[in-house]
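J.: One structure is given below, represented as structure tokens, and several questions about it will come after.
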Amino acid sequence: MKMVFLGPPGAGKGTLAALASGRMGLPHISTGDLFRAAIKDGSELGKKVKGILDEGSLVPDALTIALVEERLSQNDAQRGWILDGFPRTTGQAEALAGISDPEWVINFDVEDSVILKRLTGRRICSGCGKIYHIESMPPSVEGVCDACGAGLYTRPDDSQESIRTRLSAYRSQTAPLVEWYGGKGKLLTIDGTGAPERVYERFMEAIKA
Ligand code: AMP
């Protein structure tokens, strides 16, 4: 199955994609994670995109599409995938349709007040990338990952200023994709509030129906 997870930053796309990927045996492909890995490696791509990610703007389409095209050509992506955070513009959606069209686009619907609370309390494991929240999903030991024992950090783009830029990029460039995919009959909108397990149940109900 080929699926796109669509929604504003903080909608829970990454958390749900990680859950669904493990349970459905599909690779979880997050463009944000691919960019952060490139930055960590200090690669040419990483150097180009670091400032863009930190301020919360979108990386240019050409760079992003080339990255996804390469990732989707790998062996593990031939039977299906979950794309998390791509496409984010109509140009990217058109390019994806030319590479490999998704069967379903899951749109996570979450109110702004919930988004802000999620993003400001979000912590990420520096070792395995597991996502925590200081209130709703804290680790057993503060600042330490339950899964691998590495330290947790706050994403630089989870600052108040970057969050504002990311939400405005979402509204102007990504939100139009809801209608775009809706018009193609591929869109499933689900309520993204509540615990990840509850959202996962809604997601399963939606794709089964
Ligand atoms: P995410 O982890 O999905 O929140 O993405 C983090 C950041 O990576 C975004 O704020 C953008 O700077 C960049 N990014 C991720 N995916 C895309 C995309 N599809 N198009 C452009 N920029 C992206």
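A short reminder: the numbers here are calculations on the coordinates, not readings from a lab. What you see is a predicted model, and the numbers here were worked out from it, not measured in a lab. Glycine gets a Cβ as well: all are built from the backbone with ideal geometry, and neighbour counts include every protein chain shown.
J.: Applying a 10 Å radius around every beta-carbon, put 61-68, 142-149, 78-85 in order of their mean neighbour count, most first. Don't jump to the answer; show the numbers that get you there.
T.: Details: 61-68: 17.5, 142-149: 12.9, 78-85: 20.1.
Ranking the peptides 61-68, 142-149, 78-85 by packing returns 78-85, 61-68, 142-149.
J.: Can you give the charge dipole size of segment 54-188 about its Cα centre, rounded to the nearest 20 debye, using +1 on the beta carbon of Lys and Arg and -1 on the beta carbon of Asp and Glu? Present the calculation step by step, with values, prior to reporting the outcome.
T.: On the way: 14 positive and 20 negative charges, 33 e Å.
Magnitude of the dipole: close to 160 debye.
J.: Given C-alpha coordinates of segment 81-209, what is the ratio Rg to Rh with the Kirkwood estimate of Rh? Could you put the intermediate results ahead of the total?
T.: Numbers: Rg = 16.4 Å, Rh = 16.5 Å.
Here the Rg-to-Rh quotient is 0.99.
J.: Ordered by residue, what ³J(HN,Hα) values in Hz, to whole numbers, does segment 106-112 give under the Karplus form 6.51 cos²θ - 1.76 cosθ + 1.60, where θ = phi - 60° and Gly and Pro are x?
T.: Result, rounded to whole Hz: 9, 9, 8, 9, 9, 5, 4.
J.: While we're here: Looking only at the chain, where both bridge partners belong to it, what percent of the DSSP beta bridges are antiparallel (to the nearest 5)?
T.: Numbers: 7 of 23 bridges.
Close to 30 percent.
J.: Please report the relative contact order for the chain, taking Cα pairs under 8 Å with a sequence separation of at least 6, and give it as a percent rounded to a whole number. Don't skip to the answer; put the middle values down first.
T.: Working: 304 pairs, mean separation 61.5, N = 209.
Rounded, it is 29 percent for the chain.
J.: Take peptides 113-119, 22-28 and line them up by average Cβ neighbours within 10 Å, highest first, as a rough protection proxy.
T.: Numbers: 113-119: 17.1, 22-28: 14.7.
Going by the mean number of other Cβ atoms within 10 Å, highest first, we get 113-119, 22-28.
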